[in-house]
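Structure first, commentary second.
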Amino acid sequence: VAGVGGGDDTGDRGAAGDTDDFTHPGADANDDTLQEADAPSPFTIFKSEIEGFAANLILEAGETIAVAAGMAGGLVIPAGNSITFQTTNTAVAGTITIDSVISTSGGGTITIQGSSTGATVGNIVFGAGGGAVTAGGGAILIDTNNGSVTLGGTITASGNMTVNATTGITDIAGTAIN
C-alpha cells in the first residue's frame, strides 16, 4: 500500500527536505522507480519529494495507491516530466484512488494503471470531490488490466487521452473530460 500526501516528509526513511529518500534501497538501478519491493508497506511518499524529483517517475504498489485530498495546490510534476501510478495486484485486489489535483506541463504525461499483471482486480477511482488530472502538452492513459474505472472531477489532456477497463467505466455526475 502506498500513499501520496501533503506536508513535510519527516515520516518516511529520510530527513525532511531530502527529495530522494523514496528511491530504491539497492534492489534495482532505477532511481526514477519506486517498485513494490522497494518500500515497506504501508509507505507514504510526500508531495515535496515528488515535486522535487526532476525526472520521469514511476510509483508502483502491490495493492493500493491513494493520492490524498487536501494537498495545497495539488501535486505538480516538474515541467517536461511524466508520472506513472501503477499497481501490480499480483495476489491481492486493490484500488488506485485519485482524490487530489495532479498536473504536468511541458509535454509531461500521466499514466494511471491498475492491475498491471491482470492477476487480480485493480480498480481506478477518481474522487468526486477533487480528483482532477491535467497533462499540459502531454497524454493521459487510465488503464486497468483487470477492473473498473470510475471517473470524477476534471480530466484534461493536451495530447491523447485513453481510458480502458475490463469490467466497465463509470462516470460520476459532473465529470468533465477535455
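The values are calculated or read from the model by the stated rules, or taken from the named source; none is laboratory data. Every value quoted in this text rests on a predicted model; they were computed, and no experiment measured them. Heads up, the Cβs are rebuilt from the backbone with ideal geometry, glycines too, and the neighbour counts pull from every protein chain shown. Accessible surface areas use protein heavy atoms only, side chains included; no ligands, DNA or RNA. Shrake-Rupley method; radii C 1.70, N 1.55, O 1.52, S 1.80 Å.
For Ala72 and Ala119 in the same chain, what is the full-extension length gain: residue separation times 0.36 nm, less their Cα-Cα distance, in nm? Write out the running numbers ahead of the final one.
On the way: separation 47, 0.36 × 47 = 16.92 nm, distance 3.57 nm.
Between Ala72 and Ala119, full extension yields an extra 13.4 nm.
With no solvent and one equal point scatterer per Cα, compute the Debye intensity ratio I(q)/I(0) for the range 42-174 at 0.17 Å⁻¹ and report its log10, rounded to two decimals.
Computed log10 I(q)/I(0) values: -0.83.
At Ile58 and Ala91, where each label point lies 7 Å from the Cα along Cα→Cβ, what is the point-to-point distance in nanometres?
It is 2.2 nm.
For Asn164, project a label point 7 Å along Cα to C-beta. Then give me every residue of the range 102-117 with its amide nitrogen under 14 Å of that point.
Output list for this probe position: 111-117.
Between Asp171 and residues 5 or more places away or on another chain, which pairs have amide H atoms under 5 Å apart, with H built 1.01 Å from N, and which residues are they?
For Asp171, whose amide H was placed from the backbone, the distant partners under 5 Å are Leu151.
What number comes out for accessible area per residue over the range 54-178 if the probe is 1.4 Å? Units Å², please.
37 Å²
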